[in-house]
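The values are calculated or read from the model by the stated rules, or taken from the named source; none is laboratory data. Just so it is clear, the model here is predicted, and its values are computed rather than measured. When we count neighbours, we look across all protein chains shown, and the Cβ atoms used for this are built from the backbone with ideal geometry, even at glycine. Surface areas here come from the heavy atoms of the whole protein model, side chains and all, with no ligands, DNA or RNA. Shrake-Rupley method; radii C 1.70, N 1.55, O 1.52, S 1.80 Å.
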Amino acid sequence: VVNCDFSFNSAVGLGMFRSSGNTIAHNKMDWCVRGYSHGVYNRGQDSTGILAFEQCHRNVFAFNSATHGGDGFFLWAGQTTMDTGQGGCNDNLLYGNDFSHSPANAIEATFSRNSFVHNLLIDSWHGIWGGYSYETEIRENVFRFNGEAIAIEHGQKNMILGNSFDGDTVGVFLWQNDREPDPSWGYPKHRDTRNHGTVVSGNTFKNMAEAAFLLGSGQDIAVPGNTVSDSLASAVFPGRRRGVSLVGNSFVPSKEI
């Protein structure tokens, strides 16, 4: 799907269901949004420029514009994965896209393994919301003026490398809850859902209104070789600091809370 214009739809610009091995490139899916009133209400109601729903694998999304959607890009593993822990929407590549100005999330991708490289993720609630993501690569993206630029709950072995953050409220927020929301939920009965193994390295953070790093409960979180400047705080630990390594960073000012 190349050089198409799917803009100004109220729900979805391009929707994919159980679709794999496709190339989606150089398209426009701007202003696919509903449930939005500027300055009043901005949730977006899960409208999105691009939807990848239920076991969509190995697709390439490159050089698309999907700005001002409820989400720019919305990926969900699907109910089969929620019930059994199997599958997901895995090994998709998002490269060189503009998902900016989304009232909800520039990218939402959950319960899956993917790569997000060289994208523009500006002026959204979350640049990337990646709940329960695992082995996901977030590399060399541009984050500007988001609430939480990257937020991942219960993530495992993700890699956040060489990204640029400027003017966000929080740069990288990693955490896990004390218990799963529903004891009857199948996914955590079959999968590791601890917050552990993520590496955050080689990123630059400027003008963070609250903190470059907000690090909740987790294990084996490595945060080396980052640069933080002109921010209220470098790292904030809501609870006890444990299982997190902050080595070889340049924090100006050097402030942890």
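Evaluating 6.51 cos²θ - 1.76 cosθ + 1.60 at θ = phi - 60° for every residue in region 209-221, the Karplus couplings come out as 5, 10, 6, 5, 10, 10, 10, x, 4, x, 9, 6, 9 Hz, glycine and proline recorded as x. I need the fraction of alpha carbon pairs in the chain separated by more than 30 Å, rounded to a whole percent. Tail fraction, whole percent: 24. Relative contact order, whole percent, for the chain stands at 11, derived from Cα pairs under 8 Å and 6 or more residues apart. The order of LYS157, LYS28, LYS189 by accessible area, most exposed first and with a 1.4 Å probe, is LYS189, LYS157, LYS28. Leaving out ligands and nucleic acids, and using a 1.4 Å probe, what accessible area per residue does region 71-202 come to in Å²? Counting only protein heavy atoms, the per-residue value for region 71-202 is 34 Å².
Counting only DSSP H runs of at least 4 residues, each contributing -39500 (n - 2.57), and dividing by the residue count of the chain, the helix-based mean residue ellipticity at 222 nm comes to -500 deg cm²/dmol.
Solvent-accessible area of the chain (1.4 angstrom probe, protein heavy atoms only): carbon and sulfur portion equals 52 percent.
Since only ALA106, GLY70, GLY155 are under comparison, the one whose Cα sits farthest along the positive direction of the charge dipole of region 61-208, derived from C-beta charges on Lys, Arg, Asp and Glu, is GLY155.
Charges were assigned to the Cβ only: +1 to each Lys and Arg, -1 to each Asp and Glu. The resulting dipole of region 125-257 about its Cα centre is roughly 280 debye.
Put simply, when 104-110, 222-228, 159-165 are sorted by average Cβ atoms within 10 angstrom per residue, most first, you get 104-110, 159-165, 222-228.
Each part reduced to its alpha carbon centroid, region 134-166 and region 71-127 end up 11 Å apart.
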